[in-house]
Every structure is written in structure tokens, then in C-alpha cells.
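Where a number appears in this text, it was derived from the coordinates with a stated rule and is not lab data. Note that the structure is predicted; figures quoted are calculated from it, not measured. Using ideal geometry, Cβ is built from the backbone for each residue, glycine included, and neighbour counts are taken over all protein chains shown.
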Amino acid sequence: MKLDSVQRTILLNQFMILHKVDPKGGWNSAVEIFRNGYELEFDQYVATDEPLSEDLCREVLDILSMFRALNHARSKRRFLGFDGNNILESRLMGYVSHLWSESKFTESRHDDIDGGNSHSETLEFYRAMVRVWKSCPKSFPLTPDDVARIEAVTWPR
């Protein structure tokens, strides 16, 4: 990764401050890396992924909200997670993990789920379910007919 001298100086200053605040935090390495310009080492301290868009974050929230409503209505359908081997779905899985760590949507976390990794692609399936869920009248809890319509969605192939 390439950083210009101003970017490097800003990061160097940040890590020098962190070292002063937390001398046992291991920040000396980062200070040395940015002071001396060891480009190969920059990536471990600088975010390199594109951010997860607001739309995708909202889509994850819709999916988890739908499963919350299904759970409340005693549906047998459970959130399976996202595929950790798919580039997009692994990022969505990361967002779900973040939400869980913040104690949000924890009812979607259950014993059958491998840290949120479904080990198969689920996004298109969830999208189809959410379309049906959003077409339901806005009653809470979901009616048995609403639950049956959502549960009738099958894996798109």
C-alpha cells in the first residue's frame, strides 16, 4: 500500500499518541513501521476493504428483523448465517458478528449456527424471503398465514 508523506505522518502521530496512552499496547511496532515507511507492513494497520454500503447493512438488518418476527411467531425457519467462502456474504457475516457482539439480534444466534457461517450461499434465499415478508400486512406478531407464506419460499437455484 502506498501512502503519501502526510498520510504517513498522520498515522505515525496517531500511533505515537496511542503508545503514550497505552505503553504496554504494543504500539512501538506501528510507530517504527510508519516512521520508517515500511510499506509492506502498512496493511495491518490501515483499513483496505471497501466499506459495507448502507444499503447492504440495511439489507442485513431487514433479514435479521424478518427472522426476529418469524422467531416471535414460533416459525421453525431459522437464520443460517452467510457463506464464509463467498466474498460478499463473508462481509455480511462479519456485520452480523459485529451486531451480535453489540448484543443486537442475538435471538438469531443459536446452537446450530457456526459463528454465522452457513457454509453455503444464502443471500438470494433471504432476499426472496424478505420480499414475501415485506408484502405481508404489517401486523405483529405475524399471522400463521404470513408465516406459512414466508416458510414456503424455497432455495432459489
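Applying the Karplus relation 6.51 cos²θ - 1.76 cosθ + 1.60 with θ = phi - 60° to segment 65-73 yields 3J(HN,Hα) values of 5, 4, 5, 4, 5, 5, 4, 4, 8 Hz, where x marks Gly and Pro. Using C-alpha pairs under 8 Å with a sequence gap of at least 6, the mean separation divided by the residue count of segment 75-157 gives a relative contact order of 34 percent.
When a/c is below 1.5 the answer is rounded, else prolate if a/b is larger than b/c, else oblate, so apply that to the chain with a ≥ b ≥ c taken from the square roots of the Cα gyration tensor eigenvalues.
Because a/c hits 1.5 or more and a/b exceeds b/c, the chain counts as prolate.
With an 8 Å cut-off on Cα pairs and a minimum separation of 6 or more residues, tell me the relative contact order of the chain in percent.
Values: 147 pairs, mean separation 31.3, N = 157.
Reported as a whole number, the value is 20 percent.
Counting only aspartates and glutamates at least 8 places from Lys104 when in the same chain, those with an alpha carbon closer than 18 Å to its own are Glu54, Glu59, Asp62, Asp114.
Given axes a ≥ b ≥ c from the Cα gyration tensor, I'd like to know whether segment 97-157 is rounded (a/c under 1.5), prolate (a/b larger than b/c) or oblate.
Numbers: a/c = 2.30, a/b = 1.37, b/c = 1.68.
Judged from the Cα gyration tensor, segment 97-157 comes out oblate (a/c at least 1.5, b/c at or above a/b).
Within the listed set Val96, Val132, Val31, the Gaussian network model of the chain (springs between alpha-carbon atoms below 10 Å) gives the highest mean-square fluctuation for Val31.
Between Glu39 and Arg149, what is 0.36 nm times their sequence separation minus the Cα-Cα distance? Round to one decimal in nm.
Contour length minus Cα-Cα distance gives 34.2 nm.
When the helices in the chain are scored as -39500 (n - 2.57) per DSSP H run of 4 or longer and the sum is shared across all residues, what 222 nm value do you end up with, to the nearest 500 deg cm²/dmol?
-17000 deg cm²/dmol
Label-to-label distance for Lys138 and Glu107 is 1.9 nm, based on points extended 7 Å past Cα in the beta-carbon direction.
In a fully extended conformation the segment linking Lys2 and Arg131 would gain 42.1 nm over its present Cα-Cα distance, using 0.36 nm per residue.
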